[in-house]
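Input: a single structure, listed below in structure tokens.
Computed from the coordinates by the stated procedures, all read-outs in this text should not be read as laboratory data. Quick caveat, the model's predicted, so the values are computed rather than measured. Neighbour counts are summed over all protein chains in view; Cβ atoms, including those assigned to glycine, are modelled from backbone coordinates with ideal geometry.
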Amino acid sequence: MKLRFIFLPAVILTTFLRAGFSAVPPAPLVPPSKGFETAVKPMITEYCAGCHNPKEFKGDLDLERFLTRSGSAALEERETWALVVRKLRAGEMPPDGKRKPPGEQVAAAAEWIEQQYALLDRNAKPNPGRVTAHRLNRYEYNNTVRDLLDVNLRFADDFPADAYGYGFDNIGDVLSLSPLLTEKYLKAAERVAKAAIPTGPMEKVLAVRYETEEMGQQFHMHVQTTHDFPVDACYNLRVGWEQGFQGGTLMTGHIYMDKKEVLNLPIVWKGMQDRAMYATNIFISQGPHLLEAQMEMAPESQQPRAKQPPPYPTVMEIFGPFNQVPREQTASYKRIFFKGPPPQNASPNMPAKFSARWRIGPIAGP
Ligand code: HEC
């Protein structure tokens, strides 16, 4: 019993994989080449500074102050320089009627500025910012528990629905942790631990009944449902209908498990007979599986009477489990106790291999 509890923190923690990495400081400006001194400064001095200085301040722009700067400091105000390049390339500055720098000088200055920023962008370490501590959404929780522990019982299906952000349900900022969800986490963790290391009695044999009317599939010849099978074991499947037919009517009943046919039953109608078909002793692994049934009528030419409506399945039933796999042989048990079952008075240390498995991503500090 003790061992089970060591899994609770693990299972709860797995809900917070992929915590964020801390903010990376912006990359330092690389020292620009001497180009500023030769390609930019002389042009500003001669053609721009006369209007763009602290006194004239045309267009609320002082370009003169850059003349005293060099190196990376000269390029610090990227927006200003982007504007300068735009005005230069458009030939809008200096204004018409004023003396303009020769075309090559304008091109050289604009090119050099653009190249510097292109270089900076290329060398900049990408800074995606900070990622919010990320809890798993319901799908991620189910899949993580399945991948980690080989327990495939979709425990998260009764968690509150995950919020959507920008059309996605896996955005850390939107996935909040409500008190209700915390409660559900604790319950789910208990159930996950119990399924992974069962300590109680074996599963009881139960009958689970799916009525096609309740499934919204009444009068369908092909019906389907997904059932959560509690353990690896054998199960019996029954599909029933209500109609009777003229004696001699020919049909075939099919039952499929995960798209694989497990029953193909030719039926010659006798009159008084069980209106059901069975697939028995089907081994089914733990977890959700798709169960389908279909009735197929033989062609009218082979029937004793034409135009008989086909039998519509009204109910699908699952009985089991039988011949349950001993829990020491289940995939999840073997995954956790990979060195064999623990001795009776085992210490509550987590097996090393397992603890390595669940530490999937770095969990960053604040
Ligand atoms: C004769 C004065 C004069 C000269 C010389 C001059 N400008 Fe201008 N500049 C202005 C005026 C007036 C404005 C504001 C009106 C406008 O945007 O057209 C302006 C606006 C600008 C703007 C837009 C500022 C903003 O915030 O929108 C930029 C950039 C600019 N100049 C760059 C230059 C550059 C680079 C040179 C030299 C190649 C230069 N100017 C030469 C007068 C001048």
Starting at the first residue of segment 274-289, write each ³J(HN,Hα) from the Karplus equation 6.51 cos²θ - 1.76 cosθ + 1.60 with θ = phi - 60°, in whole Hz, x for Gly and Pro.
-> 5, 8, 6, 10, 10, 10, 10, 6, 8, 6, 9, 7, 4, x, x, 9
Quick one: which residues, 5 or more positions from Leu153 or on another chain, have an amide H under 5 Å from its amide H? H modelled 1.01 Å from N in the peptide plane, none for Pro or chain starts.
-> none
Would you mind ranking Asp274, Asp62 so that the residue whose beta carbon has the fewest other beta carbons within 10 Å leads the list?
-> Asp274, Asp62
Inter-site label distance for Ile171 and Glu183 at 7 Å from Cα along Cβ, in nm = 2.8 nm
Qualifying lysines (Cα of each under 30 Å from Cα of Lys204; at least 8 residues distant if same chain) = Lys2, Lys184, Lys187, Lys194, Lys259, Lys260, Lys334, Lys339
Surface/4 estimate of mean projected area, convex hull on alpha-carbon atoms of segment 206-323, nm² | 7.1 nm²
What is the fewest-to-most order of Met272, Met316, Met221 by other Cβ atoms lying within 10 Å of their Cβ?
-> Met272, Met221, Met316
In whole Å and largest first, what semi-axes does the C-alpha gyration tensor of segment 35-123 yield when each eigenvalue is scaled by 5 and square-rooted?
-> 20, 15, 12
Where does each of 199-207, 104-112 land if you order them by average Cβ count within 10 Å, highest first?
-> 104-112, 199-207
